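J.: Quick one: this structure, given as structure tokens, is what I'll be asking you about.
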Amino acid sequence: MIIDLKELRKIPCKEWLMRFDDEKLDVHKAFEDNPQYRWLYRHSDYDLISWEIENNCFNWWRHSCEIAKLCPRLFDPELFNWEETSWAIAVYCPDKLNPELYNWEKESWAVAEHCPKHFDPKLFNWEQDSWAVAQYCPKHFDKDLFNWDDHSCHVAHFCSHLLDTELFNWEDHSWAVAQYCYQLFDPKLYNWKRSSWAIAQYCSHLLDPELYNWKDYTKHVETFCPLLLNLRPNTL
């Protein structure tokens, strides 16, 4: 496809300008080593992707994302690169999403974030992307499927009303309760050894001088709640 410099709504940068010959450029060949579909579509009326599809030279494997973002009308489920670009369907044209072709293993997060109406708990990758359910579509939250080991902090942060204290990973994510939902704080479950700092910083009124890790986190008390320094045991 030959494009005319005068037909562009914006003059390209010097590097690209030098590629033009007599204000003409074979943009298909030029894009082989450095594709700039989005710039072309934003600053002209040239429909290069349509031309490449009609001439059977569009690279679906490399540029499926551009189909989803720039011209979903040209979407072909049999040619689209579902393996690496499923996320683009969820983000730009969720009406094209085919649950049987979608790459749930790698890109479940995109469905939770951008098109939760297509959410399928049986297909969703709970192990990897539970965080996205807590953050973007807690209505689909399932405490029995959720990956509490790795993503408990997201429940504390984004949907604390769904937090199950018996399933929550207190060992690694106690800090998140102190920071985002201290009303669920439990001194018996809280990891004082590793996360005492969060108590001092976010909810000092819950500080227990006998449980607080003064050895490692006295500086946090000095910084965020110095009035509590007098609670420090004399044995330290």
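No lab work stands behind these numbers, since they all come straight from the coordinates. What you are looking at is a predicted structure, and each value in this text was computed from that prediction instead of being measured. Virtual Cβ from ideal backbone geometry, glycine too; neighbours counted across all protein chains shown.
J.: On C-alpha positions alone, give me the angle between the axis of helix 126-136 and the longest principal axis of the chain, in degrees, nearest 10.
T.: 90
J.: Based on DSSP H runs of at least 4 residues, each adding -39500 (n - 2.57), what is the mean residue ellipticity at 222 nm of the chain after dividing by all its residues, to the nearest 500 deg cm²/dmol? It would help to have the intermediate numbers written out before the result.
T.: Values: 12 runs with 110 residues, N = 236.
Value at 222 nm, helices only, nearest 500: -13000 deg cm²/dmol.
J.: In addition: Restricting things to Cα coordinates, could you compute the convex hull volume per residue of segment 18-119 in Å³?
T.: About 111 Å³ per residue, rounded to a whole number.
J.: Relative to the longest principal Cα axis of the chain, at what angle does helix 170-180 sit, 0 to 90 degrees, rounded to 10?
T.: 80
J.: Still on this structure, please answer the following. Based on the Cα coordinates of segment 85-236, what is the per residue volume of their convex hull in Å³? Intermediate results must be reported in sequence, preceding the final value.
T.: Values: hull volume 16.7 nm³, N = 152.
Output value, Cα hull per residue: 110 Å³.
J.: Counting only other residues whose beta carbon sits under 12 Å from that of Asp95, what net charge do I get with K and R as +1, D and E as -1?
T.: Working: positive: Arg73, Lys96, Lys117; negative: none.
In short, +3.
J.: Suppose we keep just the alpha-carbon trace of segment 100-189; what are its Rg and Dmax in angstrom?
T.: Values for segment 100-189 (Cα only, Rg and Dmax): 13.3, 47 Å.
J.: If you place +1 on the Cβ of every Lys and Arg, -1 on the Cβ of every Asp and Glu, and leave all else neutral, what size is the dipole of segment 147-236 about its Cα centre, to the nearest 20 Debye?
T.: On the way: 6 positive and 11 negative charges, 87 e Å.
Here the size comes out at about 420 debye.
J.: What are the ³J(HN,Hα) values, in whole Hz, obtained from phi via the Karplus relation 6.51 cos²θ - 1.76 cosθ + 1.60 with θ = phi - 60°, for each residue of segment 49-57 in sequence order, with x given for Gly and Pro?
T.: Once rounded to whole Hz, the list reads 5, 4, 4, 5, 5, 4, 9, 6, 9.
J.: Do you know the Lys pair count in segment 98-236 for C-alpha distances under 25 Å, with sequence separation 8 or more or different chains?
T.: Lysine pairs meeting the criterion: 13.
J.: Cut-off under 18 Å on the C-alpha distance; same-chain residues fewer than 8 positions from Lys10 excluded. Which aspartates and glutamates are left, in chain and number order?
T.: Leaving aside aspartates and glutamates fewer than 8 places away in the same chain, those within reach of Lys10 are Asp21, Asp22, Glu23, Asp26, Asp45, Asp47.
J.: Between beta-carbons, use under 11 Å as the cut-off and find the net charge around Ala132, counting Lys and Arg +1, Asp and Glu -1.
T.: On the way: positive: none; negative: Glu107, Glu113, Asp129.
Overall, the nearby charge balance is -3.
J.: Another one. When the dipole is taken about the Cα centre of the chain, and only Lys, Arg (+1) and Asp, Glu (-1) are charged at their Cβ, what size is it in debye, to the nearest 20?
T.: Values: 24 positive and 39 negative charges, 208 e Å.
Dipole of the chain, to the nearest 20 debye: 1000 debye.
J.: What number do you get for segment 147-236 when its Cα radius of gyration is normalised by 2.2 N^0.38 Å, N = residues? Intermediate results must be reported in sequence, preceding the final value.
T.: On the way: Rg = 13.1 Å, N = 90, 2.2 N^0.38 = 12.2 Å.
Normalised Cα radius of gyration, segment 147-236: 1.08.
J.: Further question on the same structure: Could you let me know the centre-to-centre spacing of segment 142-186 and segment 55-102, using Cα atoms, in angstrom?
T.: Between the Cα centres of segment 142-186 and segment 55-102 lies a distance of 36 Å.
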